[in-house]
1. Taking θ = phi - 60°, what integer Hz values does the Karplus form 6.51 cos²θ - 1.76 cosθ + 1.60 yield along the stretch 162-177, in sequence order, with x for Gly and Pro?
2. Modelled label-to-label distance, residue 55 and residue 206, 7 Å Cα→beta-carbon offset: nm?
3. Mind listing the phi-derived Karplus ³J(HN,Hα) values for the stretch 153-160, rounded to whole Hz, using 6.51, -1.76 and 1.60 with θ = phi - 60°, and x for any glycine or proline?
4. For the stretch 188-241, what log10 I(q)/I(0) values come out of the Debye formula at q = 0.23, 0.28, 0.30, 0.31 1/Å, with one point per alpha carbon and no solvent?
5. Under the 0.36 nm per residue contour assumption, what length would be gained going from the current alpha-carbon distance of residue 215 and residue 173 to full extension?
6. Per 10 Å bin, what percent of the C-alpha pairs of the chain does each bin hold, from zero upward?
7. Top mean-square fluctuation among 206, 65, 185, Gaussian network model of the chain, C-alpha springs under 10 Å?
8. In nm, to one decimal, how far is the residue 62 label point from the residue 111 one, both placed 7 Å along Cα→Cβ?
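Since every read-out is calculated from the coordinates, none of them should be taken as a lab result. Fair warning: this is a prediction, and the values are worked out from it, not measured in the lab. Here the Cβ is made from the backbone with ideal geometry for all residues, glycine too, and neighbour counts use every protein chain on show.
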Amino acid sequence: MHELLRSAGRHDPVSQRMTGVAVEASERVRSTWEYRITTEYVSGVYAQDHARRLTYVGASPDLIEAAFGVAGDELRHASLVAGLCAAAGGASATPIDPALLAFPNPDTVLTDLVVGTVQNFCIAETVATRLFRHIHASATVAAARAVLDVIVEDEPRHGALGWATLDWLLESAWRDDVRRLITTELDGWIAMFDASYCAASGAVMEDERAWGIPDGDDVAAAWRTCLATDLVPRFAKRGLV
Ligand SMILES: [Fe+2]
Ligand SMILES: [Fe+2]
């Protein structure tokens, strides 16, 4: 377990003094961080699949190495988040949906690579960068902040892998097919993310915010800002919207 977390129990009088808020973790705090263990593992699966698909199509080795680096980051996040859950009195990871564990299919590898690049990295990791920065700004419980310090530092690199892969695909021998697929599907993918990020609801308490829990409006606002400021301009620059 990370040294910072080893000493960061929820009754730690030092953290209570530092934060100035009650740090008792609510059920929502525990369940949100438990869910984040699983999402870190899922992100690790996506990064490993991305590395394998890049390898299948003979992508440049620096992209493949970057994908392995992201997979390592996500496993480190899972470990840190699990430590935080233990400090908050929560449980360990819930199992990943086995449907996510399929190996790359050689018949659809290029399509899967394009879809995964845009959905999991260009969009989801870029939104994660913005959302975790927002969560980090309100997190005052020392143990949560220590984990979020690492996550906010790593997330921009994960989004960057998506944009670098996209640029490589748009220069590749399959560039016409790649461009056709994305311009045909992008509106639908954005609508799917919009429905997901705007579905969360419910206000959170101030001490839940201190533990790194956003409310539904925070999530929707981060998504809308990201879409307008980060995503649409970057897709437009590449002639994809
Ligand atoms: Fe992560
Ligand atoms: Fe990530």
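1. Working through the residues one at a time gives x, 5, 5, 5, 4, 4, 5, 4, 6, 9, 6, 5, 9, 4, 5, 5 Hz.
2. So the two model labels end up 5.2 nm from each other.
3. Along the stretch 153-160, the couplings run 6, 7, 4, x, 5, 6, x, 4 Hz.
4. -0.87, -1.05, -1.12, -1.14
5. 10.7 nm
6. 7, 30, 34, 19, 8, 1, 0
7. Its mean-square fluctuation being the largest, the pick is 185.
8. In this crude spin-label approximation the distance works out to 3.2 nm.
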